[in-house]
Amino acid sequence: MHEDLNQYTDEELFAPVSHSDAESEKIAAPRYSYWKSVFRVFFRKKVNIIALCLLLFVILFAYIYPSVTSYDPYANLLDPNAKHLGPAQALNYFGHELKWILGSGASGESTFDAVWNGSRISISLAFICAAINMTVGVMLGAVWGFSKKVDMVMMEVYTIIGNVPMILIISVLSMLFSPIFWLSIAYFIRTQVLIIRDREYNLASRCLGTSIFKIATKNILPFMTSVIVTLLATELPSYISYEVFLSYIGMGMSEMSLGRLIYAAEAAMVTPGWQMEFWSPVAIASIITVVLYVVGQNLGDASDPRTHM
């Protein structure tokens with residue numbers, strides 16, 4: 001049976017609803033945080049947690065350990081019995097200290113101390129080069145992809161340098177100034193910008209008189225976050241690899257970086273009892289390079305919004 005509504009008054013049937021402009025602007029869906037979603041996806045994989053912990057340990061140890069120890073590579077130079085000792089021999093000769101667990105080198109120095117001092121130099125070099133080259137390359141590449149005048153000039157520069165063998169460029173520039181790896185980064189970003197520069201919101205910004213630089217930094221680069229993070233993931237390990245390679249062929253830094261340590265201990269690779277002097281910096285350089293690549297690649301994948309679903 002249907003209930004007779006006529007028996008109710010208007011006050012009983014209807015009630016006024018209050019209106020609030022502030023309440024009407026609220027969105028019922030949960031608020032989306034880009035970086036929160038990035039880290040949620042990244043830490044979802046246990047391998048990323050393990051790799052990140054290993055990377056943080058290596059970086060922190062490379063900076064903290066040398067600062068709390070007094071490393072002097074020539075402290076035992078005049079002691080002929082202190083040179084080229086294996087781990088067991090060094091511990092028996094110098095005492096059971098952490099610094100002698102990898103033996104001693106050609107000058108009687110601690111191989112353990114030398115490796116971590118070299119790691120600090122190589123890691124610092126990699127991060128400084130990455131900061132300079134990524135900043136210049138990304139900013140220039142974003143403008144390069146938008147401006148036809150800049151494109152004409154930079155394409156000629158890229159064509160000339162791009163056709164010269166990379167080893168020759170690195171060899172010459174390593175004697176003059178830091179290698180211009182930002183050029184290849186800029187060209188990659190320029191290609192990505194060409195793909196998205198003519199989308200509707202960018203055309204609307206240009207019609208409203210927005211400068212190319214502002215469109216590039218406000219509209220383009222935030223859209224390319226995952227691409228930039230992935231690019232950085234490949235650049236950081238490559239700088240350490242380049243440093244090791246250049247130092248190994250005798251064209252690197254004068255400081256005892258990992259590359260210089262490997263170069264200096266080349267003869268120890270095939271000398272019985274001396275191998276630890278060579279393989280210790282090789283192992284640390286390999287760990288740093290692989291872990292940086294794994295963490296960077298997975299962070300790049302996590303920064304793609306399509307993985308946040």
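The values are calculated or read from the model by the stated rules, or taken from the named source; none is laboratory data. Keep in mind that what you see is a predicted model, and the values were worked out from it rather than measured. As a convention, Cβ positions derive from the backbone with ideal geometry for all residues, glycine included, and neighbour counts pool all protein chains shown. We work out accessible area using only protein heavy atoms, side chains counted, and drop any ligands, DNA or RNA first. Shrake-Rupley method; radii C 1.70, N 1.55, O 1.52, S 1.80 Å.
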Run the 1.4 Å probe and let me know the accessible area of Ser241, rounded to the nearest 10 Å². 60 Å²
Taking Lys46 as the anchor, which lysines have their alpha carbon closer than 24 Å to its alpha carbon, excluding any fewer than eight residues away along the same chain? Lys36
Rounded to the nearest 0.05, what FRET efficiency is calculated for Arg44 and Ile195 with R0 set to 22 Å and r the Cβ-Cβ distance? 0.15
Quick shape check on segment 186-248: root eigenvalues a ≥ b ≥ c of the Cα gyration tensor, a/c under 1.5 is rounded, otherwise prolate if a/b tops b/c, else oblate, and it reads prolate
Rounded to the nearest 10 Å², the accessible area of Thr159 at probe 1.4 Å: 70 Å²
Once the piece of chain linking Lys83 and Thr271 is laid out straight, how much longer is it, given 0.36 nm per residue of separation minus the C-alpha distance between them? 66.3 nm
Thr135 paired with Leu54, simple spin-label distance in nm, labels 7 Å along Cα-to-beta-carbon: 3.1 nm
If I stretch the segment between Asp72 and Lys148 completely, what's the gain in nm (0.36 nm per residue apart, minus their alpha carbon distance), one decimal? 21.8 nm
